[in-house]
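Below you'll find the structure, written out as structure tokens, and then a few comments.
The values are calculated or read from the model by the stated rules, or taken from the named source; none is laboratory data. No experiment lies behind these values; they were computed from the predicted model shown. Backbone-built Cβ (ideal geometry, glycine too); neighbour counts: all protein chains shown.
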Amino acid sequence: MTLKVGIMSANWGAFAHLPAWRSVPGVEVVAICTSRRETAEAAAKRCGIDSPFWDAQAMAAHPDIDILDCGTRPSVRDPVVAGALRNGKHVYDAIPFATNIDRARELRDTWKASGKVGVVDAFCEWLPAHRLVKEMLDEGFLGQPFGGTCMFHLSLFNKPNPHFPYNWFWQAGLGVSALRNLGSHALHLLIFLFGGIQEMVAHDGQLLREWRFPDGSAIKPETNDFASLLLRFHSGLVIQLQVSWSSTVAPGWSLEAFGSKGRFAVTAPRFPTSRDSTLHAGTLESGRMEKIDIPERLLRTAEVEVDFASDPQPVYPMALSMSRMVQSIRGAGPAKPDFDQAWAVECALEAARRSAEERRWVRLAEIR
């Protein structure tokens, strides 16, 4: 049976999610939704999709749609995701998972009651370098885990582009910040690799007080653009996580960790991708770090019709996540990263919020 997908978003959804879904066997994208009839009809025509929608709840309730791919800003999509689940749809949700911890709790509870498959677009764990790191960790490469750092720095608003589709990130109340957006991606990967977080202490603040555009106009952002967290995992591992979307001459992505037996480091010059994420590792015995080649089996697979070199770059890891979701819908194992992991990340974000406000260590067990 072909599974039919409706995509909410003609920007990132059409650019990256659409080709990813079309690479997964047994899936057909049949609908696309924007906020206005004219843009929805134009997007459907441009993308070769049969059904345009300009009412997201109507698409979420449509009987011919099996999976809702729900993009756009968290404050808009929270009720749409909940409505889709109540209407018996499976959901592929964007990042951040929800506007705040209360909306996240409602989505988690609605998902559990629905019995449907819920996946979030935290595709970093599907990148070949990160998948290889997970295999190494599972085989005991680090030994007893000790410490590490994760840095995710981008320059999105230091010299803002007036045509950048996410300039709305300046607005408070929509569920976004550098920590909620970039930090969600990082936290999903860290939890995937290292397991649960026990406690943390955090700073979450604002560096750029103004976004000045080339024409001289300016925006005073209402959201935070820099966060630094110290995370203690249940294993005893301590990781420093730092994120910013206003980093001058931004270095991109780096993740390194060491333990009693070894160390690894993954770097990428921007948002990590399948092509430009580089892995180095070393052992106590060797005493040096060496580049690790990614095996062919992680670079391409018959499971999807794209590979690590396909453009746009997020298509391959997204397609792998979507393929696993389809398999789960058909009863062949769990999907990932699922809404349980999304809830764990939202709990970490809430712990960071409380820690930054109250200036104290916060245990994740406090978050209910």
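For the criterion of being surrounded by 20 or more Cβ atoms within 10 Å (Cβ to Cβ), more than 23 Å from the chain's Cα centre (by Cα) and not assigned by TED's automatic domain parsing to the domain that holds G173, I7 fails.
Considering segment 215-246, the residues that are of a type in the set (G, A, S) and under 17 Å from H185 (Cα atoms) include one that is nearest to the chain's Cα centre (by Cα), namely S244. Checked against the criterion of being assigned to a strand (DSSP E or B) and in contact (Cβ under 8 Å) with a residue 24 or more places away in the chain, the candidates R275, R263 yield just one match: R263. Among the conditions (1) assigned to a strand (DSSP E or B); (2) acidic (D, E); (3) free of Cβ contacts under 8 Å to residues at least 24 places away in the same chain, the only one that E256 does not satisfy is (3). Confirm whether L349 is within 30 Å of T110 (Cα to Cα), buried (at least 19 other Cβ atoms within 10 Å of the Cβ), under 20 Å from the mean Cα position of the chain (by Cα) and in the same structural domain as L241 (by TED's automatic domain parsing). It is true that L349 is within 30 Å of T110 (Cα to Cα), buried (at least 19 other Cβ atoms within 10 Å of the Cβ), under 20 Å from the mean Cα position of the chain (by Cα) and in the same structural domain as L241 (by TED's automatic domain parsing).
Out of everything in segment 95-115 that is assigned to a loop (DSSP other than H, G, I, E, B) and small (G, A, S), what residue ends up being surrounded by the most Cβ atoms within 10 Å (Cβ to Cβ)? The selected residue is A98. E28 meets the stated requirement of being over 28 Å from W170 (Cβ atoms) and either touching a Lys or Arg at 6+ places or on another chain (Cβ under 7 Å) or outside any helix (DSSP H, G or I) (or both).
In the condition set (1) on the phi > 0 side of the Ramachandran plot; (2) of a type in the set (G, A, S); (3) in contact (Cβ under 8 Å) with a residue 60 or more places away in the chain, G195 is compliant with all but (3). Residues in segment 278-298 that are in contact (Cβ under 8 Å) with a residue 24 or more places away in the chain, surrounded by 14 or more Cβ atoms within 10 Å (Cβ to Cβ) and not polar (S, T, N, Q): L279, A281, M289, I292, I294, L298. Exactly one condition in (1) surrounded by fewer than 24 Cβ atoms within 10 Å (Cβ to Cβ); (2) in contact (Cβ under 8 Å) with a residue 24 or more places away in the chain; (3) out of contact with any Gly (no Cβ under 9 Å at 6 or more places or on another chain) is not met by D78; state its number. So D78 meets the others, but not (3).
Taking segment 10-28 as the range and being of a type in the set (A, V, I, L, M), touching a residue at least 40 places away in the same chain (Cβ under 8 Å) and surrounded by fewer than 24 Cβ atoms within 10 Å (Cβ to Cβ) as the test, the residues that pass are A16, V27.
Scanning segment 198-216 for residues that are touching a residue at least 12 places away in the same chain (Cβ under 8 Å) and out of contact with any strand residue (DSSP E or B) (no Cβ under 9 Å at 6 or more places or on another chain), we see that the one that is farthest from E350 (Cα to Cα) is D215. Which one is nearest to P19 (Cα to Cα) among residues in segment 320-365 that are part of a helix (DSSP H, G or I) and charged (D, E, K, R)? Taking the candidates together, the pick is R324.
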